[in-house]
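To start, the structure under review is shown below, and the notes come after it.
Laboratory data are not the source of any read-out in this text; all were calculated from the coordinates shown. Source: prediction; values computed, not measured. Ideal geometry is used to build each Cβ from the backbone, glycine not excepted, and the neighbour counts take in all protein chains shown.
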Amino acid sequence: MTLDLGRYDQVWRAAEPYMRARKNDVHIPLSFDWAVRLLEHFPQADADICLLAILLHDIGWWAIDMEEIIEQGFRSENILQSDVRYRHEAEGVRLGTEVLRQTGWSEEVIRQVCEIIDGHDTRPDPRHLNDRIVRDADKLWRYDVPGTAIGCDWFGETPAQNCDRNERILPKFETEPGRAMAIAALAATRKALKVHVL
């Protein structure tokens, strides 16, 4: 499958101001790239829905104070059910709808993209293949060195601790290709960061 990734440039530009929170200007492009790779394994998936959803899934963090994000979203007891997780999803739907309308996408595309954004962190189970691909792409970025470095800051961990955290998340992958990619990326990151020594 050959994708014309330039067709999303207007969306990137419109969403860019909302990516200046929580290192989303690193997280979202890396997750987008992982989604492109995952789509190679799933030609039956809707590439527009998956790529627009991963591009916009976390822009709602822009509306929340960074200290609150870290305290409640990464260092509290039940981070995936914290209030800030629900708020960032709701804000993501609101902002994502504005961005997609502004850039000319149909109401049906907007509905499908926002269905994924709303609950991408807090909904226990994915609803369909497009949702599974977005969930895996959202996790995969953390297995590379940049994601590990950012994860260390978010969770207050060393690289070795963050790699161990990511290993514990492997069973939560929704697709076999996603899990295989994560395992390979984690091994490369452990080696690059010398976690066996440090």
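A few notes on this one:
- Rotationally averaged projected area of the stretch 121-198 (alpha carbon convex hull; nm²): 5.0
- Longest segment of the chain lacking GluC sites (Glu not before Pro) that sit in a DSSP loop with at most 12 other Cβ atoms within 10 Å: 78-198
- GNM flexibility winner over the chain from Ile150, Ile59, Ile133 (Cα, springs under 10 Å): Ile150
- Stokes-Einstein diffusion coefficient of the stretch 79-128, Kirkwood radius over Cα pairs, 25 °C, 0.890 mPa s, in µm²/s: 217
- Computed log10 I(q)/I(0) for the chain at 0.18 Å⁻¹: -1.30, from the Debye equation with unit scatterers placed on every C-alpha and solvent omitted.
- For the stretch 5-192, the dipole from Cβ point charges (+1 on Lys and Arg, -1 on Asp and Glu) about the Cα centre works out to 420 debye, to the nearest 20.
- Relative contact order [Cα under 8 Å, 6+ residues apart], the chain, whole percent: 22
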